[in-house]
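Asks: This is the structure I want to talk about, given as structure tokens.
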Amino acid sequence: MTQKSIKDRLENWSRWARYIEQRGYDSMTGAVVDRMRRAALGNVWCGVSARPDIDEADALRVESAWRTLNMRNRDMLLWTYINNARPEVVCRKLGIAARPAAVFVEAFDQALSALELALDSLAQRNTIPRNNLNPSLTSDSTKGTALSDEIEALD
């Protein structure tokens, strides 16, 4: 498996998060109207929307690491990647000085490095030796968390 850069992983995470948000409808009427619109456009699979290329396992890893960050770093990544906000909007929302630009760049780099550390610690925590020859290791001690089981199922 090739090692992806943190920015590629964040782009994948943002596509995943935006896709998850798009799937639901506010009402049943909205769902019916959308299906009728797709059918009128000639879409044979009117109930299925096109799905972008997403590595769900990696997106779940990034999501769980993102949840461990402090609020400032979480909001920086959320506004930058999920909401696609311009730097001046992110600065206004987070109370960061918009000028000079180095202030935003420094805060952004800090959020990236915090996420990388969180991903590394998550990878170390979820790396559990699975030794079937050792009877002291029961199946319960090697299961890990529910999120790691879900991630493994997607791999």
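The values are calculated or read from the model by the stated rules, or taken from the named source; none is laboratory data. All of these numbers come straight from a predicted model, not from anything done at the bench. Here the Cβ is made from the backbone with ideal geometry for all residues, glycine too, and neighbour counts use every protein chain on show.
Asks: Go over the candidates Ala85, Ala114, Ala98, Ala102 one by one and state the one that is at pLDDT 90 or above, assigned to a loop (DSSP other than H, G, I, E, B) and among the small types (Gly, Ala, Ser). Spell out how you get there, then give the answer.
Replies: Numbers: Ala114 fails: assigned to a loop (DSSP other than H, G, I, E, B); Ala98 fails: at pLDDT 90 or above; Ala102 fails: assigned to a loop (DSSP other than H, G, I, E, B).
Just one listed residue meets the conditions, Ala85.
Asks: Consider only pairs whose beta carbons are under 9 Å apart and that are at least six residues apart or on different chains; among these, list those whose first residue lies in the range 101-115 and is over 14 Å from Val90 (Cβ atoms) and whose second residue is exposed (fewer than 12 other Cβ atoms within 10 Å of the Cβ).
Replies: Hits for this filter: Ala114/Asn70.
Asks: Right, another one. With respect to Asn70, determine if the residue is within 19 Å of the chain's Cα centre (by Cα) and either surrounded by 12 or more Cβ atoms within 10 Å (Cβ to Cβ) or farther than 18 Å from Ser14 by Cα (or both).
Replies: Here the answer is yes, as Asn70 does meet what is asked.
Asks: Based on this model, can you work out whether Ala65 counts as surrounded by 14 or more Cβ atoms within 10 Å (Cβ to Cβ), part of a helix (DSSP H, G or I), touching a helix residue (DSSP H, G or I) at 6+ places or on another chain (Cβ under 8 Å) and modelled with pLDDT of 90 or more?
Replies: Criteria met by Ala65.
Asks: Is there a residue being of a type outside the set (A, V, I, L, M), surrounded by 14 or more Cβ atoms within 10 Å (Cβ to Cβ), more than 19 Å from Ala17 (Cβ to Cβ) and in contact with a Gly (Cβ under 7 Å, 6 or more places away or on another chain) anywhere in the range 92-114?
Replies: Within the range 92-114 (the criterion being of a type outside the set (A, V, I, L, M), surrounded by 14 or more Cβ atoms within 10 Å (Cβ to Cβ), more than 19 Å from Ala17 (Cβ to Cβ) and in contact with a Gly (Cβ under 7 Å, 6 or more places away or on another chain)), the answer is no, since none of the residues qualifies.
Asks: Something else: Any chance you could count how many residues in the range 117-130 are surrounded by fewer than 15 Cβ atoms within 10 Å (Cβ to Cβ) and part of a helix (DSSP H, G or I)?
Replies: Number of matching residues: 6.
Asks: Any residue at all in the range 97-118 that is of a type in the set (D, E, K, R) and in contact with a Leu (Cβ under 7 Å, 6 or more places away or on another chain)?
Replies: Within the range 97-118 (the criterion being of a type in the set (D, E, K, R) and in contact with a Leu (Cβ under 7 Å, 6 or more places away or on another chain)), the answer is no, since none of the residues qualifies.
Asks: Can you tell me which residue in the range 1-24 is modelled with the lowest pLDDT, limited to those that are surrounded by fewer than 13 Cβ atoms within 10 Å (Cβ to Cβ) and in a loop (DSSP other than H, G, I, E, B)?
Replies: Met1
Asks: Which of (1) modelled with pLDDT under 90; (2) under 15 Å from Phe108 (Cβ atoms) does Trp45 not meet, given it meets every other one?
Replies: Single failed check for Trp45: (2).
Asks: Further question: Only one of (1) at pLDDT below 90; (2) surrounded by 14 or more Cβ atoms within 10 Å (Cβ to Cβ) is not met by Thr80, so which one is it?
Replies: Of (1) at pLDDT below 90; (2) surrounded by 14 or more Cβ atoms within 10 Å (Cβ to Cβ), only one is false for Thr80: (1).
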